[in-house]
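The structure under discussion appears below in the form of structure tokens.
The values are calculated or read from the model by the stated rules, or taken from the named source; none is laboratory data. Please read all numbers here as calculations on a predicted model, not as lab measurements. Cβ sites come from the backbone with ideal geometry, for glycine too, and all protein chains shown count toward neighbours. Note: areas computed on protein heavy atoms with side chains; ligands, DNA, RNA excluded. Shrake-Rupley method; radii C 1.70, N 1.55, O 1.52, S 1.80 Å.
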Amino acid sequence: MTRRALISGITGQDGTYLAEHLVEEGYEVWGIVRGHDDTRAARLRHLVSDVRLIRGDLLDQTSLISAVDQVQPDEVYNLGAISFVPLSWQQSGITSEVTGLGVMRMLEAIRIVSGISASRTAQLGSQIRFYQASSSEMFGKVRETPQNEQTPFHPRSPYGVAKSYGHYTTQNYRESYGMYAVSGILFNHESPRRGPEFVTRKVSLGVARIKLGLSETLRLGNLDARRDWGYAGDYVKAMRQMMAQPVPSDFVVGTGIMSSVRTLVEHAFSHAGLDWRGHVVIDPSLVRPAEVDLLCADPKRARAQLGWEPVVSFEELVRMMVDADLAQLSGRSSPIDSPVAEHF
Ligand code: NAP
Ligand code: GDD
């Protein structure tokens, strides 16, 4: 029988790739979209036509109950969040509400629609499966390197704190109610569809602009930060694989290789035949109040149990993103989004 998936955050980077992947796998895909911005829904439809949309908001419990009740999904993927880390200091209240409490609201919607309570726990096999988009930001000021499923959390931003709440809440619903609820602890993953405020896309857009003579400089913050960067198209496959396990549990997903922001900049500029030193300006206002200095995954468990492997390397990813932005800004491909991120 056709499996039905419901995705929150379907208009975001991962939502579009996950929707594509699930459609290819034969799923009927539904997405929760907020009422405020139909251009985001239109962009999604342009990328993946075969999805059905339903209105809802992670701030609104009633809308989530209605969505789960109407769609009757086999699987729910909770990707919706305020996901840009610097914004979480400026808007910590709304970040806690959406990125943290939103997880609890989605789990409550499933619990209520499924008729599960503390005295009537879920029967495995006849229940809605739940995926939470947890984050390597939870490791924050890392206690060990590389980070695995057992590494303690030490979040460094209101975003990381909210994700840690969502992570523990997911675990708690699994343990309290017997629900099939899992968290993917995903390390940074990028693509040409990445929001223009995140550093990889900011760099690929900046390089394309400079190459095309539309700009002279690119303003950046901390070039010493190191991240484990992979390709979003690879990572959404791990989400589905996690949901197909007989026993629900959490997985770390990353490449196991880290690079600095400086290395990212060097690769991106040199791919376009440019020397970054003449163009990059360090802007202290872009340095964060508390930085996550490094993140590096230990993806052994995902490799062994899910058979998951990243396909696209960091270098290939950087080239793919620079090429896509060059094509977009020179009018050789249709725009993915409005490229305005200079001030983040
Ligand atoms: P993204 O591009 O920022 O997308 C975020 C999505 O959340 C958008 O679809 C947005 O919808 C939606 N959203 C925001 N507020 C909402 C609300 N109140 N109710 C419902 N939906 C709301 O993020 P992403 O990169 O695709 O990441 C997907 C998820 O994985 C996020 O939870 C993120 O925190 C997590 N994560 C990402 C990474 C990564 O490297 N990309 C790594 C680890 C974890 P609108 O279009 O309406 O704004
Ligand atoms: N955004 C941005 N802009 N980051 C910069 C800049 C800049 O101008 N200059 C240096 N950086 C550094 C940041 O200080 C950070 O150390 C690193 O680049 C990566 O920043 P982002 O691309 O904004 O991503 P992030 O690591 O903070 O968060 C992303 O990955 C998390 C998983 O680890 C987001 O996608 C989160 O939602 C996700 O959970």
Just give me the residues in segment 128-166 being without any contact (Cβ under 8 Å) to a residue 40 or more places away in the chain and outside any loop (DSSP other than H, G, I, E, B), in sequence order. SER164
Scan segment 330-339 and tell me whether some residue there is in a loop (DSSP other than H, G, I, E, B), at pLDDT below 95, basic (Lys, Arg) and out of contact with any Cys (no Cβ under 7 Å at 6 or more places or on another chain). yes
Exactly one condition in (1) open to solvent by less than 40 Å² (accessible area, probe 1.4 Å); (2) within 16 Å of ligand 1 (Cβ to nearest atom); (3) within 15 Å of LEU294 (Cα to Cα) is false for ASP234; which is it? (3)
Criterion: away from ligand 2 (no atom under 11 Å from the Cβ), open to solvent by 30 Å² or more (accessible area, probe 1.4 Å) and in contact with a Lys or Arg (Cβ under 6 Å, 6 or more places away or on another chain) - qualifying residue of HIS267, HIS271: HIS271
Can you tell me how many residues in segment 205-249 are part of a loop (DSSP other than H, G, I, E, B) and either within 15 Å of ligand 2 (Cβ to nearest atom) or polar (S, T, N, Q) (or both)? 11
What about ARG111, is it over 16 Å from the mean Cα position of the chain (by Cα) and either open to solvent by 50 Å² or more (accessible area, probe 1.4 Å) or acidic (Asp, Glu) (or both)? no
Does segment 53-71 contain at least one residue that is farther than 24 Å from GLU137 by Cβ, among the acidic types (Asp, Glu) and assigned by TED's automatic domain parsing to the domain that holds PHE130? yes
Inspect segment 116-132 for any residue being crowded, with 24+ Cβ neighbours inside 10 Å and within 14 Å of ligand 2 (Cβ to nearest atom) and give the result as yes or no. yes
Among (1) open to solvent by 10 Å² or more (accessible area, probe 1.4 Å); (2) touching a residue at least 12 places away in the same chain (Cβ under 8 Å); (3) more than 14 Å from ligand 1 (Cβ to nearest atom), which single condition is VAL247 missing? (2)
Out of curiosity, is TYR165 touching a strand residue (DSSP E or B) at 6+ places or on another chain (Cβ under 6 Å), away from ligand 2 (no atom under 12 Å from the Cβ) and in the same structural domain as LEU87 (by TED's automatic domain parsing)? no
Which is more than 16 Å from ligand 2 (Cβ to nearest atom), assigned by TED's automatic domain parsing to the domain that holds PHE139 and open to solvent by less than 60 Å² (accessible area, probe 1.4 Å), of VAL48, VAL103, VAL85? VAL48
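Residue-wise test of (1) under 21 Å from PRO310 (Cα atoms); (2) in contact with a strand residue (DSSP E or B) (Cβ under 7 Å, 6 or more places away or on another chain); (3) away from ligand 1 (no atom under 16 Å from the Cβ).
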| residue | (1), (2), (3) |
| --- | --- |
| ARG193 | yes, no, no |
| LEU212 | no, no, yes |
| SER215 | no, no, yes |
| MET242 | yes, yes, no |
Scanning segment 159-172 residue by residue, those open to solvent by less than 20 Å² (accessible area, probe 1.4 Å) and among the polar types (S, T, N, Q) turn out to be SER164, THR169, THR170
Answer yes if at least one residue in segment 233-245 is of a type in the set (Phe, Trp, Tyr) and in the same structural domain as GLU315 (by TED's automatic domain parsing), and no otherwise. no
Can you tell me which residues in segment 173-197 are open to solvent by 10 Å² or more (accessible area, probe 1.4 Å) and touching a helix residue (DSSP H, G or I) at 6+ places or on another chain (Cβ under 9 Å)? TYR173, TYR177, LEU186, ASN188, HIS189, PRO192, ARG193, ARG194, GLY195, PRO196, GLU197
Residues located in segment 250-290, provided they are in a strand (DSSP E or B) and either without any contact (Cβ under 8 Å) to a residue 12 or more places away in the chain or away from ligand 1 (no atom under 16 Å from the Cβ) (or both): SER260, VAL280, VAL281, ILE282
Looking only at residues that are part of a loop (DSSP other than H, G, I, E, B) and within 23 Å of LEU223 (Cα to Cα) in segment 291-308, which one is nearest to ligand 1 (Cβ to nearest atom)? LEU295
